[in-house]
1. Any residue in region 21-50 that's in contact (Cβ under 8 Å) with a residue 40 or more places away in the chain: show its pairings with residues that are loosely packed, with under 13 Cβ neighbours inside 10 Å at Cβ separation under 9 Å, as long as the two are six or more apart or on different chains.
2. Determine if region 82-95 includes at least one residue that is more than 24 Å from residue 176 (Cβ to Cβ), touching a Pro at 6+ places or on another chain (Cβ under 7 Å) and surrounded by 14 or more Cβ atoms within 10 Å (Cβ to Cβ).
3. Is region 95-114 home to any residue that is part of a strand (DSSP E or B), touching a Leu at 6+ places or on another chain (Cβ under 9 Å) and closer than 23 Å to residue 171 by Cα?
4. Would you check which residues across region 141-181 are assigned to a helix (DSSP H, G or I), aliphatic (A, V, I, L, M), closer than 16 Å to residue 117 by Cβ and within 17 Å of the chain's Cα centre (by Cα) and list them?
5. If residue 119 satisfies every condition in (1) under 26 Å from residue 28 (Cβ atoms); (2) assigned to a strand (DSSP E or B); (3) of a type outside the set (Gly, Ala, Ser) but one, which is the exception?
6. Restricting attention to region 13-31, which residues are in a loop (DSSP other than H, G, I, E, B) and either modelled with pLDDT under 85 or surrounded by 11 or more Cβ atoms within 10 Å (Cβ to Cβ) (or both)?
7. Inspect region 38-49 for any residue being under 25 Å from residue 162 (Cα atoms), outside any helix (DSSP H, G or I) and touching a strand residue (DSSP E or B) at 6+ places or on another chain (Cβ under 8 Å) and give the result as yes or no.
8. Residue check: is residue 122 in contact with a strand residue (DSSP E or B) (Cβ under 9 Å, 6 or more places away or on another chain) and either of a type in the set (Phe, Trp, Tyr) or surrounded by 16 or more Cβ atoms within 10 Å (Cβ to Cβ) (or both)?
Amino acid sequence: MPFDTPGQQSNPFAVEEIVLKAVRAAYGSPVVTNVWRGQLVEAMVATALAPEWDWCGADYKSWDFERADGLKLEVKQSSAKQTWKTIKPSKAIFDVAARSWSYGDDGWSPLSGRAAQLYVLARHEGYDDTTDHRDATQWDFYVIAASDLPVTAKTVSLSRIAQSVEPVRIDGLKKRVQLVAQAVESCAHQLPDVTPG
């Protein structure tokens with residue numbers, strides 16, 4: 001076991017052993033369940049955007065990443081292939097609903113609109129035996145300013161997003177996020193202040 005110290009017997013109930021078992025259960029197969037896939041994609045995005053963006057999404061937090069200047073980014077993901085048997089690929093639909101409450105460092109606060117100024121919409125189109133959700137190079141990433149999303153939409157389809165946004169692969173994600181963030185900062189895509197409070 002990777003956490004064992006030479007000469008010591010492994011404790012099957014040690015924290016490290018339980019964590020390793022949980023990680024293997026969640027991510028041990030190429031096709032990852034919806035329950036855990038979001039966390040996996042956020043880890044990919046965190047790796048691509050480090051160190052400028054802090055991966056702060058946890059529990060009920062209303063955004064997933066934050067830059068030192070307060071700019072916020074939310075990640076949504078969708079996959080054609082699921083862990084259950086389907087007769088056709090799953091549709092690419094992303095939840096982008098505005099929220100009335102936001103959870104941050106100080107707890108719950110009223111909110112009007114979307115908490116993040118940027119969205120990364122990740123789509124895995126693989127549907128055959130080579131599909132591996134854990135492989136960051138198999139994902140397409142669509143970066144869009146929140147202000148470019150339909151104002152009242154609760155969900156948005158990939159077909160709609162793809163009309164105006166070109167996807168990038170993981171190695172181009174950081175640059176694309178920088179470009180969209182610059183556009184947001186230059187007031188071309190400025191949102192009304194939706195700071196909780």
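1. 30/129; 30/130; 33/84; 48/171
2. Scanning region 82-95 turns up no residue that is more than 24 Å from residue 176 (Cβ to Cβ), touching a Pro at 6+ places or on another chain (Cβ under 7 Å) and surrounded by 14 or more Cβ atoms within 10 Å (Cβ to Cβ).
3. no
4. Taking region 141-181 and keeping what is assigned to a helix (DSSP H, G or I), we get 146-148, 158-161, 170-181.
Now narrow it down to the ones that are aliphatic (A, V, I, L, M): 146, 158, 161, 170, 173, 177, 179-181.
Still in the running and closer than 16 Å to residue 117 by Cβ: 146, 177, 179-181.
146, 177, 180, 181, listed by residue number.
5. (1)
6. Of all residues in region 13-31, those in a loop (DSSP other than H, G, I, E, B) come to 13-14, 28-31.
Result: 14, 29, 30, 31.
7. Applying the first criterion (under 25 Å from residue 162 (Cα atoms)) to region 38-49 yields 38-49.
Narrowing the set further to residues that are outside any helix (DSSP H, G or I) leaves none.
Within region 38-49, none of the residues are under 25 Å from residue 162 (Cα atoms), outside any helix (DSSP H, G or I) and touching a strand residue (DSSP E or B) at 6+ places or on another chain (Cβ under 8 Å).
8. Details: in contact with a strand residue (DSSP E or B) (Cβ under 9 Å, 6 or more places away or on another chain): yes; either of a type in the set (Phe, Trp, Tyr) or surrounded by 16 or more Cβ atoms within 10 Å (Cβ to Cβ) (or both): yes.
Answer is yes for this residue.
The values are calculated or read from the model by the stated rules, or taken from the named source; none is laboratory data. No experiment lies behind these values; they were computed from the predicted model shown. Quick reminder, even Gly has a Cβ in these numbers, built from the backbone with ideal geometry, and neighbours come from all protein chains shown.
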